[in-house]
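First up is the structure itself, then whatever we jot down about it.
Derivation of every value follows stated rules applied to the coordinates shown; laboratory data play no part. These figures come from a predicted structure and were not determined experimentally. In this analysis, Cβ positions are derived from the backbone assuming ideal geometry, glycine residues included, and neighbour counts consider all displayed protein chains.
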Amino acid sequence: MDSETIQKTYAIVPGLNMGIFVPKDLESILQIINKYDVPATKITSAQRLALLGMAQEEMAALQQELKSHTRKTAVNGVHYVQACPGLKWCKYGTADSLALGTELEKISMEKPLNAKVKVGVSGCRMCCTEPYVRDVGIFASKKGWTLVFGGNGGGRPRIGDIVAENLTDEQVLVLVKKCLNVYQEDSKPRSRTARFMEHFGIDALKERVLA
């Protein structure tokens, strides 16, 4: 396909969140990719698989065939979760980031979040998933998880604020939901958590979620 006929189309295979896949599923996905002669494939920064450059008329049919490989997503939940290999697979890991990431993917809200929320979970203090520049960032130490909120790595980068430290898995899940509730209630439409925290402030957030 030459440069004049490249289609600027983009499809995500959401079943591969956190970069986890079953080999037999990947084999099936590859068969579908080859069937439609997908021009390019890419592992995204969100650890998902992107299919690039399909013709518009083929996109719907391709996505229909991929349905069996997609996971059910939470209603009004986070945009995506990134997670490192963690305790089970990495010699530096001190906590199971993949297990926590799986639970974070299940978080649902009563109403849609005001903007996309990206989550990064790291199993050690090296912070390979860059939790300080995610809307919700979580990283582990031997004492427990640290929760960071309001980071952004885009055109207006912002280092997130530490909300709490030395947390258990259960405490992280509860506290993330509380932070998202405050963000949902008090932020402007389409405002990301970084912009929200710039005017709301970490002290006010802690007062609401740690009381």
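Structure values in brief
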{"quantity": "Helical contribution to [θ] at 222 nm, DSSP H n ≥ 4, -39,500 (n - 2.57), averaged over the chain, rounded to 500", "calculated": "-9500 deg cm²/dmol"}
{"quantity": "At R0 = 41 Å, FRET efficiency that the Cβ-Cβ distance of S28 and C90 yields, to 0.05", "calculated": "0.90"}
{"quantity": "Segment K177-S68, length gained on full extension (0.36 nm per residue, minus Cα span)", "calculated": "36.3 nm"}
{"quantity": "Answer label, with log10 I(q)/I(0) by the Debye sum over Cα atoms at q = 0.09, 0.10, 0.17 Å⁻¹ calculated from the coordinates and candidates (1) -0.39, -0.49, -1.39; (2) -0.49, -0.60, -1.28; (3) -0.40, -0.48, -1.14", "calculated": "(3)"}
{"quantity": "3J(HN,Hα) from dihedral phi, the range 189-203, Karplus parametrisation 6.51/-1.76/1.60, rounded to Hz, x for glycine, proline", "calculated": "x, 6, 8, 6, 4, 4, 5, 4, 5, 4, 9, 7, x, 5, 5"}
{"quantity": "Rounded if a/c under 1.5, otherwise prolate or oblate - the range 90-211, Cα gyration tensor axes", "calculated": "prolate"}
{"quantity": "Distant-in-sequence amide H partners of Q82 (H built 1.01 Å from N, under 5 Å)", "calculated": "V119, G120, V121"}
{"quantity": "Tilt relative to the chain, helix 169-186 - C-alpha long axis, 0 to 90 degrees, to 10", "calculated": "90 degrees"}
{"quantity": "Paramagnetic label zone (point 7 Å from Cα along Cα-to-C-beta, D186; backbone N under 20 Å) in the range 102-116", "calculated": "109-116"}
{"quantity": "Value of relative contact order over the chain, rounded to a whole percent, pairs C-alpha under 8 Å and six or more apart", "calculated": "14 percent"}
{"quantity": "Estimated distance in nm for a label pair at S45 and R125, the labels positioned 7 Å out from Cα along Cα-to-Cβ", "calculated": "2.7 nm"}
{"quantity": "Qualifying trypsin sites (Lys or Arg not before Pro) in the range 159-193, DSSP loop, other Cβ atoms within 10 Å at most 13", "calculated": "R190"}
{"quantity": "Cα-based shape type of the range 145-211, given that a ≥ b ≥ c are square roots of the gyration tensor eigenvalues and the cut on a/c is 1.5", "calculated": "prolate"}
{"quantity": "Eligible lysines near K91 by straight Cα distance, threshold 22 Å, same-chain separation 8 or greater", "calculated": "K142, K143"}
{"quantity": "For the chain, share of DSSP beta bridges that run antiparallel, in % to the nearest 5", "calculated": "70 percent"}
